[in-house]
Amino acid sequence: MKQVVVISGKGGTGKTSITAALAGVGPQKVIADCDVDAADLHLILDPKVKLREDFYSGQTATINTEHCIECGQCAEQCRFNAISVSFEIVKEKCEGCGLCEFICPTQAVSMTDRKCGHRFVSNTRFGTMVHAALGIGEENSGKLVTAVRKTARELAEAEKAKLVLVDGSPGIGCPVIASLTDIDFCILVAEPTVSAVHDLKRVHELARHFEVPCTAILNKCGINESLENEIRKYCRENEILILGEFPYDTTFSQAQIHGKTVAEFAPDTFGPTVRNIWSRMAKTLELPD
Ligand code: SF4
Ligand code: SF4
């Protein structure tokens, strides 16, 4: 079983649409949506949830008003201003450091596990999908990505699937590192804009650091020839195989509006490109074509 991640550095490059299109070709697979901060793969794949679990990470403080003598020490010492003048915990600000529990003279403070979001296992028309929703204002998305990846891998083993296809997180922070861990093959989605080229190089450096082999897909071709050539040159110099290229086209947004992949929405124009990309990737990974 192989694990492939699609990442882009910058958001809005079409990464998720391309992941969805790849989900529709090739052998049986498990799909993992690791863009947990702003998940939108579900808009295309229309998952039918069969399992929903709470996700806990870190801790948060709670003050028992019956034991609190309102001495004010906790509010004075909390460097995150997470305790209000009426000695209530402001959950969005509490970092779970435990200082208030430590200093409270009446043991009025207790620390409890913090619910940060939900993890789902769903059925889609392309196979099992593992996805998640981070609670509003919650952090620790790297841990949630790790949890999604672990569940996806276990399900793939149980289903004897040949592939885990991961829609990776944007940026180069903790969630992307969690998306890249134990990955066999990385697809970098690049668009010819200044910020995207910059972010592509940064995320490639990150993948290289973790020794993950990289390939690329060039999206939105036709909007800036000079930047497209810069991306091609960068890929050539760094031995990154370009699996395929897509033109700048409203098909991407139209397909998403209709809840379809680009290959489903425009089978004659986009279908062959997606299948060619899959074939080149399958050859590299020695997967069934
Ligand atoms: S330190 Fe304890 S007793 Fe004092 S205000 Fe905070 S919770 Fe109440
Ligand atoms: S656990 Fe830390 S951050 Fe949270 S309220 Fe207590 S002192 Fe503040």
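Of all residues in segment 121-160, which are at pLDDT 95 or above and among the aliphatic types (A, V, I, L, M)?
Val121, Met129, Val130, Ala152, Leu155, Ala156, Ala158
When you scan segment 3-108 for helices (runs of 4 or more DSSP H) that lie fully inside it, which ones turn up with 1 or more residues that are more than 14 Å from ligand 2 (Cβ to nearest atom) and at pLDDT below 95?
Output list reads 15-23, 41-45.
Only one residue in Glu211, Glu225, Glu230 is at pLDDT 90 or above and closer than 30 Å to Arg153 by Cβ. Which one?
Among Glu211, Glu225, Glu230, only Glu211 is at pLDDT 90 or above and closer than 30 Å to Arg153 by Cβ.
Just one of the numbered conditions (1) surrounded by fewer than 24 Cβ atoms within 10 Å (Cβ to Cβ); (2) in the same structural domain as Val212 (by TED's automatic domain parsing); (3) of a type in the set (Asp, Glu) is not true of Asp35; which one?
(1)
Please state which one of Arg202, Arg236 is over 24 Å from Leu43 (Cβ atoms), free of Cβ contacts under 8 Å to residues at least 24 places away in the same chain and in the same structural domain as Cys186 (by TED's automatic domain parsing).
The conditions single out Arg236.
Can you name every residue in segment 92-130 that is in contact with a His (Cβ under 6 Å, 6 or more places away or on another chain) and either away from ligand 1 (no atom under 16 Å from the Cβ) or closer than 24 Å to Leu180 by Cβ (or both)?
Residue satisfying the conditions is Phe120 alone.
The values are calculated or read from the model by the stated rules, or taken from the named source; none is laboratory data. Keep in mind it's a predicted model, so treat the numbers as computed, not measured. Every residue, glycine as well, gets a Cβ built from its backbone with ideal geometry; the counts of neighbours run over all protein chains shown.
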